[in-house]
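Peer 1: Take this structure first; my questions come after.
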Amino acid sequence: MNKLILTTAALALTAGMSFADTIRMGTEGAYPPYNFINDAGEVDGFERKLGDELCARAMLTCEWVVNDWDSIIPNLVSGNYDTIIAGMSITAERDEVIDFTHNYTQPDPSAYLALSADVDLSNAVIAAQANTIQASFLAGTGVTLVEFATPEETVAAVKNGEADAVLADKAYLTPVAEGDADLVLLEQQELIGGGVGMGLRESDAELREKFDAAIASMKLDGSLNALIAKWDIGEQF
């Protein structure tokens, strides 16, 4: 079965070898280890390495575009870039507006970060980045939610007392906690969403198929798991 799937993926990739369009890859550049801006001022991180490899396998020329998270879907739909590759979890709500490739990560546990392990989450003020699966999850639980435009602001809200805890991807919060002795990851975690995928306009089915084939080939040859392990993203495929 794996040989059949790999052959199908290879055919899909080969069929696009003459496709020379420049694809603009939209990312946030502010969500390590998924994506961030390095000291040279360039997009870096797990999704930069993944995106470059996917473009190479799909025989596409790709350019990187940085866009704020709160307008990342509207700017895709309006044509300011052609994909979203920005740690975006696949959800039914988002899928009504845009299309998604196959997931390139497993669902990542969401974790709580606080100043104390004794925080009562049922009565807490909890911060989350706006327009994320964590914000949607918290809005449905009845807790007091405070939303911020960037992930850095959610952590700052905990440190300055505006919030009792922040809920975000564990892969993002773990190095934050390790780098700040005043912060602690709580034991409680939430499993939200269907993994992370690339977002595309619903009209770009051909482009989605090219990236789906590239993602499938990386899963089958183990290179995607190698990237996931290198960047400590979460569970492997």
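The values are calculated or read from the model by the stated rules, or taken from the named source; none is laboratory data. The structure displayed is predicted, hence computed values, not measured ones. These accessible areas exclude ligands, DNA and RNA; they are computed on the full protein's heavy atoms, side chains included. Shrake-Rupley method; radii C 1.70, N 1.55, O 1.52, S 1.80 Å.
Peer 1: In Å and on Cα atoms, what radius of gyration and Dmax does the stretch 36-164 show?
Peer 2: Every Cα atom of the stretch 36-164 included, Rg and Dmax give 16.9, 52 Å.
Peer 1: On to the next question. Please report the relative contact order for the chain, taking Cα pairs under 8 Å with a sequence separation of at least 6, and give it as a percent rounded to a whole number.
Peer 2: 28 percent
Peer 1: So how exposed is Leu220, as accessible area in Å² (1.4 Å probe, rounded to 10)?
Peer 2: 60 Å²
Peer 1: Moving on to the next point. How much of the calculated P(r) for the chain lies past 22 Å, in percent of all Cα pairs?
Peer 2: 53 percent
Peer 1: Lysine pairs in the chain with Cα distance under 17 Å, only those 8 or more apart or on different chains: how many are there?
Peer 2: Qualifying lysine pairs in the chain: 6.
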